[in-house]
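Please treat every number below as a calculation from the coordinates, not as lab data. Keep in mind that this is a model prediction, so the values were computed, not measured.
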Amino acid sequence: MTATEQSHEMVRIAAAAADSKGGEDLVALDVSEPLPLVDVFLLVTGRSERNVAAIADEIEDKLLEAGHKRLRREGRQESRWVLLDFGDLVVHVFHEEERVYYGLERLWKDCPVVPIELPTRAAAE
């Protein structure tokens, strides 16, 4: 099984939101084969707790505006690793140190990478 087109659209929305708040090192992994209840993990890095919180808030706002329902949010208080569960898409917004320490890319290395299309900065300016 592979990620649905709706999941890919959710990734596009979330990635653009993360990018707009300075999110770095965006990686989307198709985890639909080992995890039948989730299609895609989106991993994002923020440079500080404030940046992690801003990225997570923007992603949540944009997905909610697009009509997607948030099932769960964890880690917002500390803003070192914020998890946003939107069903088909689970977003992990990490502080740099947590991203390296937990190494989700290593844990899910056998899963295909989902291409991320970001709007060009020139078009946004």
As a test, work out the antiparallel percent of DSSP beta bridges whose residues both lie in the range 5-124, rounded to the nearest 5. 70
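Given only helices, namely DSSP H runs of n ≥ 4 each adding -39500 (n - 2.57), what is the per-residue ellipticity at 222 nm of the chain, to the nearest 500 deg cm²/dmol? Write out the running numbers ahead of the final one.
Details: 5 runs with 48 residues, N = 125.
Taking each H run of at least 4 residues, the total per residue is -11000 deg cm²/dmol.
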Once you've got the GNM for the chain with C-alpha springs shorter than 10 Å, pick whichever of A53, A16, A66 has the biggest mean-square fluctuation. A66
Applying the Karplus parametrisation 6.51 cos²θ - 1.76 cosθ + 1.60 with θ = phi - 60° to the phi angles of the range 81-87, what ³J(HN,Hα) value in whole Hz is obtained for each residue in order, glycine and proline being reported as x? 8, 9, 10, 10, 9, 10, x
Can you tell which of V114, V91, V44 shows the greatest fluctuation in a Gaussian network model of the chain with Cα springs below 10 Å? V114
For a quick check, take a GNM of the chain with Cα springs below 10 Å and name the residue from V11, V93, V38 with the largest mean-square fluctuation. V38
Per-residue HN-Hα couplings for the range 13-18 [Karplus 6.51, -1.76, 1.60; θ = phi - 60°; Hz; x = Gly/Pro]: 5, 5, 5, 5, 5, 4
